[in-house]
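Notes follow once the structure below has been shown.
A short reminder: the numbers here are calculations on the coordinates, not readings from a lab. Being a predicted model, the structure only gives us computed values, none of them experimental. Virtual Cβ from ideal backbone geometry, glycine too; neighbours counted across all protein chains shown.
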Amino acid sequence: MPGVPWEKLFEAAQAARALAYAPYSEFRVGAAVLSEGGGVFAGCNVENASYGLSVCAERNAIARMVAEGRRRLLAVAIVVDTERPTPPCGMCRQVMAELGAPALPVRSRTLAGREARWKLAKLLPHAFTKRSM
Ligand code: THU
């Protein structure tokens, strides 16, 4: 497999972050995912006055990928504006495990350029998947 176009992913994630709808937390997140065939799909977090309905950037990016007919998640890039790069929340990790391999690379980068890198299996060991049933 050719290498992951990380800069393209981070660019798309940063552009999506600029569109985040986060009037309650004011924590804006952008994400971009790579699918089979080289597709790049981006998403931002979308909050709601009923706070629990808020959707993370990562899941919105994955939903866009699926809506375009792609189901194999090959890489995830996240952009935040915090001191340290933030990892994806537990709910998003579970959604990644549905469509990505345990070796799925996940990277998070701050606007200042600090970066963290993980494999999904490290973020979510012992994931529950369709193979668990
Ligand atoms: N959020 C994300 O978009 N991705 C994450 O991985 C963590 C949290 C969003 C949800 C909510 O809109 C805001 O960040 C604060 O939790």
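Here are the numbers for this structure:
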item: Count of residues meeting criterion [in contact with a helix residue (DSSP H, G or I) (Cβ under 9 Å, 6 or more places away or on another chain) and over 21 Å from Pro87 (Cβ atoms)] in region 1-23; result: 2
item: Tally, over region 42-58, of residues that are more than 8 Å from the ligand (Cβ to nearest atom) and under 19 Å from Thr110 (Cα atoms); result: 2
item: Test for Gly3: is it more than 15 Å from the ligand (Cβ to nearest atom), in a loop (DSSP other than H, G, I, E, B) and surrounded by fewer than 20 Cβ atoms within 10 Å (Cβ to Cβ); result: yes
